[in-house]
Amino acid sequence: MPETITKIEAARRQLVTAIRLFFEDADSVSVYALAHAAWEVLDALCTHRDKTRFREEMTRATGLSEAEIKKIANYGRNFFKHADRKPDDALENFSDDLNDHVLMAACFDYGELADSKPMEMQVFQIWYFAAHPDKALRPEMDQIIDAGQRLFSNLSNADRKSRKQAGLRVAIAARRDPKFMLDTSTDRRSVAAIG
């Protein structure tokens with residue numbers, strides 16, 4: 001059946017799907033392409049709605065210029081989208097680790113635009129800071145760090161596959177938790193069933 005889809009709805013669905021694929025340890029290129037497509041839309045919406053963008057936060061936190069942040073952030077983006085120039089090129093040094101940061105950037109921008117977030121985004125953000133505690137701004141993020149330590153103890157020392165399995169377990173448990181799913185901060189619209 002035909003449906004009307006807004007830009008933010010399209011980005012939400014792409015991002016939720018990317019997070020699910022990520023935790024399922026599915027194809028890293030597909031995760032990156034979906035996450036980056038969502039982030040590109042969310043970044044533009046933040047600009048149009050005069051909301052703080054992830055890129056602006058990173059500029060403040062790192063001291064890098066927005067152009068430098070953009071260059072880092074767009075690694076691989078055009079390669080996965082276009083073949084009109086340099087059709088025989090190969091992308092070197094692509095790593096699934098990049099997905100952590102692109103997903104986080106998209107989740108941040110979505111949070112600037114929406115009053116509630118899908119469960120997958122909430123779980124991913126807690127997972128991200130448990131996996132990368134050095135990326136958290138202190139003391140502003142102490143509550144998220146504490147939640148991450150409770151849900152994902154010692155995650156930063158686990159191997160990549162174990163990290164993702166832990167994220168999937170918590171996402172499945174969250175989906176089945178009525179208290180979590182009925183919380184007003186949780187967007188209950190589903191893309192597809194998880195768990």
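The values are calculated or read from the model by the stated rules, or taken from the named source; none is laboratory data. These figures come from a predicted structure and were not determined experimentally. Every residue, glycine among them, receives a Cβ derived from its backbone with ideal geometry; neighbour counts consider all protein chains shown.
For the subset of the range 1-28 comprising residues that are part of a helix (DSSP H, G or I) and exposed (fewer than 15 other Cβ atoms within 10 Å of the Cβ), which member is farthest from the chain's Cα centre (by Cα)?
Applying the first criterion (part of a helix (DSSP H, G or I)) to the range 1-28 yields 7-23, 28.
Narrowing further to those that are exposed (fewer than 15 other Cβ atoms within 10 Å of the Cβ): 7, 9-10.
Numbers: 7: 17, 9: 15, 10: 14 Å.
Looking at residues that are part of a helix (DSSP H, G or I) and exposed (fewer than 15 other Cβ atoms within 10 Å of the Cβ), I get 7.
Would you say residue 51 is within 20 Å of residue 10 (Cβ to Cβ), out of contact with any Cys (no Cβ under 7 Å at 6 or more places or on another chain) and assigned to a loop (DSSP other than H, G, I, E, B)?
So residue 51 fits the description; yes.
Among all residue pairs at least 6 apart or on different chains, which show Cβ distances below 6 Å where the first residue, located in the range 15-29, is touching a residue at least 24 places away in the same chain (Cβ under 8 Å) and the second is of a type in the set (Lys, Arg)?
Qualifying pairs under 6 Å: 23/164; 25/164.
Within the range 54-87, can you find the residues that are in a loop (DSSP other than H, G, I, E, B) and either closer than 18 Å to residue 125 by Cβ or hydroxyl-bearing (Ser, Thr, Tyr) (or both)? I'd like the intermediate steps shown before the answer.
Here is the first cut: in the range 54-87, the residues in a loop (DSSP other than H, G, I, E, B) are 63-65, 74-76, 82-87.
65, 75, listed by residue number.
Determine the pairs where a residue that is modelled with pLDDT under 95, located within the range 40-58, has a partner that is not in a helix (DSSP H, G or I) and not small (Gly, Ala, Ser) with Cβ atoms under 9 Å apart, the partner being 6 or more residues away or on another chain.
Qualifying pairs under 9 Å: 57/137; 58/64.
Kindly establish whether residue 49 is surrounded by fewer than 15 Cβ atoms within 10 Å (Cβ to Cβ) and under 19 Å from residue 108 (Cβ atoms).
Spelling it out, residue 49 is indeed surrounded by fewer than 15 Cβ atoms within 10 Å (Cβ to Cβ) and under 19 Å from residue 108 (Cβ atoms).
When the residues of the range 140-191 are narrowed to those that are touching a Ser or Thr at 6+ places or on another chain (Cβ under 9 Å) and part of a loop (DSSP other than H, G, I, E, B), which ends up surrounded by the most Cβ atoms within 10 Å (Cβ to Cβ)?
Looking at residues that are touching a Ser or Thr at 6+ places or on another chain (Cβ under 9 Å) and part of a loop (DSSP other than H, G, I, E, B), I get 191.
Any residue in the range 73-83 that is farther than 21 Å from residue 187 by Cα, modelled with pLDDT of 90 or more and of a type in the set (S, T, N, Q)?
No: the range 73-83 contains no residue that is farther than 21 Å from residue 187 by Cα, modelled with pLDDT of 90 or more and of a type in the set (S, T, N, Q).
Scan the range 133-157 for residues that are out of contact with any helix residue (DSSP H, G or I) (no Cβ under 7 Å at 6 or more places or on another chain) and of a type outside the set (Lys, Arg) and jot them down.
Listed by number, the residues that qualify are 134, 139, 140, 142, 143, 146, 153, 154, 157.
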